[in-house]
Amino acid sequence: MTASPPPVEASVLSVSGLNRLVRSCLEANFSLTWVAGEISNLTYAASGHVYFSLKDASAQARCVMWRSRAQLLGWRLENGQKIETRALVSFYEPRGEFQLTVEAIRRAGQGDLYEQFLRLKAQLEAEGFFAAAGKRPLPAFPRRIAIVTSPQAAALRDVLSTLRRRAPHIAIDFYPTPVQGEGAGQRIAAAIQAASAGESDLILLCRGGGSIEDLQAFNEEGVARAIRAAGLPVIAGIGHETDFTIADFAADLRAPTPTAAAELAAPDRMALCQGLAKLHEQLRRHTERALADRQQRLDWLAGRLLHPAERLAQRRDHLLALQQRLGQSLRRCNDGGRRQLQAAGHRLQAARPRLAQRGEALGQLRQRLERQLQWQFAQRRTELNALASGLRQLDPRAVLARGYTLATGPDGRAVRDVGELAAGAVLRLDFARGAALATVDRVVAGGEAD
């Protein structure tokens, strides 16, 4: 919401209050904005902050860039430079001055070049130019290196100095070419092609730092295609660590600086010599240890090596000792077997049965068994006779034989009460011999029968 000053009649503002209100109004109504102009009154403070004025033909504005942002700039500002700043409109209250708080700076015209850079990068990336699978491995121990750069470039001196220090044994092939200006991209591509056709093991493409305009030759499509078409691996060491070009992405390896590119291209001869000396020392120790082990084993084998006559004597003595041990063992076995046989004979004699005694005992047992069986038979016969007598007394036929009759009703059950009968009922009368059917004429109660 836009702040507005209070009516004059409502209150009287202090200077600090007025400045605070002005600052609030400015910051509330202006977001981050790109502002173009020329640098003047440039000052790098000891604190790391940068102060300058941004002017055009008609006006100027004070600007401040805080140290945290200035450290990310990557190049040094100078009076008279045409720049574009991304700034926040603000107001410095202590002095009552309008100013711009700068967040980022680019050289004037850099926007179009950066857009071209992004479009070309996206195009080549879609074609697979930057894929890791297409990167060529660097030779571990190159014998010859091709350098593509300008003869006047300070980067060339740094690269040559680094190569002489690290690997003076490596031969250098130099392919001079302009690294900026009109037609530089085509000349760079042609130099890469020439280096690829030579006898070098890899190509070192390098250039010192600069603005995006200075590095524009390395952002051309022809250079990227020449790098990928080269028959040798390419290391790109272009600009400072914060500078990125299309050539960096297309190269097989990107180094942050030309010096770093030389260090990546050539192994450190001193480190290699030290590593070789260490391996030589390890090999010497290993060889000495192996020889000592073999010598010790040889001594041990030599100690075991005997004259055949002495070995035969040892075998003869050993055979005699074995013969004695065998005889002693056989004697012990025979004595033990004899004792076991005698013990078994004694046990067999003790276990042999006495037939006469066993026969007499068997006769006695037979007599006892016969007496027991006779007694058992007599007992069972007496019990059987008693049971038979009882059965005879309970036999209903015996009752019928004494003149009684068994009357059964139509349902087959014995009639025990005249109350169960009715006139005209048919009864079965069983006699001792035979049976007859009778019809009830009249039922007489127990008292009436008398």
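The values are calculated or read from the model by the stated rules, or taken from the named source; none is laboratory data. If you're wondering where the values come from, they're calculated on a predicted model, not measured in any experiment. Reconstructed Cβ throughout: ideal geometry from the backbone, glycine too, with neighbour counts over all protein chains shown. Side chains included, ligands, DNA and RNA excluded: accessible areas come from the protein's heavy atoms. Shrake-Rupley method; radii C 1.70, N 1.55, O 1.52, S 1.80 Å.
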- Note on the structure: When every residue in segment 126-155 that is polar (S, T, N, Q) and under 20 Å from residue 260 (Cβ atoms) is compared, the one least open to solvent (accessible area, probe 1.4 Å) is 149
- Query: Would segment 378-399 turn up any residue that is closer than 30 Å to residue 442 by Cβ and in contact with a Pro (Cβ under 7 Å, 6 or more places away or on another chain)?
  - Reply: no
- Which residue, of 419, 447, is modelled with pLDDT under 80, surrounded by 10 or more Cβ atoms within 10 Å (Cβ to Cβ) and either part of a strand (DSSP E or B) or out of contact with any His (no Cβ under 6 Å at 6 or more places or on another chain) (or both)? 419
- Does residue 245 fit the bill of being open to solvent by 30 Å² or more (accessible area, probe 1.4 Å) and among the hydroxyl-bearing types (Ser, Thr, Tyr)? no
- Item | Only one of 180, 116 that is closer than 30 Å to residue 55 by Cα, modelled with pLDDT under 85 and open to solvent by 70 Å² or more (accessible area, probe 1.4 Å) | 116
- Note on the structure: If we keep only residues of segment 51-64 that are more than 12 Å from residue 105 (Cα to Cα) and of a type outside the set (Gly, Ala, Ser), then the residue most open to solvent (accessible area, probe 1.4 Å) is 60
- Item | Options 214, 158: the member that is more than 16 Å from residue 261 (Cα to Cα), crowded, with 18+ Cβ neighbours inside 10 Å and touching a residue at least 12 places away in the same chain (Cβ under 8 Å) | 214
- Under 8 Å by Cβ, and 6 or more places apart or on different chains, what pairs join a residue from segment 391-404 that is polar (S, T, N, Q) with one that is in a helix (DSSP H, G or I) and open to solvent by less than 100 Å² (accessible area, probe 1.4 Å)? none
- Positions within segment 15-26 being open to solvent by 70 Å² or more (accessible area, probe 1.4 Å), out of contact with any Phe, Trp or Tyr (no Cβ under 8 Å at 6 or more places or on another chain) and touching a residue at least 40 places away in the same chain (Cβ under 8 Å), in sequence order: 15, 20
- Message: Please count how many residues of segment 65-93 are under 25 Å from residue 27 (Cα atoms), among the hydrophobic types (A, V, I, L, M, F, W, C) and either open to solvent by 40 Å² or more (accessible area, probe 1.4 Å) or at pLDDT 85 or above (or both).
- Response: 8
- Could you count how many residues in segment 168-190 are aliphatic (A, V, I, L, M) and farther than 20 Å from residue 243 by Cβ? 4
- Task: Count, please, the residues in segment 27-43 that happen to be open to solvent by 80 Å² or more (accessible area, probe 1.4 Å), part of a loop (DSSP other than H, G, I, E, B) and hydrophobic (A, V, I, L, M, F, W, C).
- Result: 1
- residue 46 is checked against (1) surrounded by 13 or more Cβ atoms within 10 Å (Cβ to Cβ); (2) not in a helix (DSSP H, G or I) and fails just one. What number does that condition carry? (1)
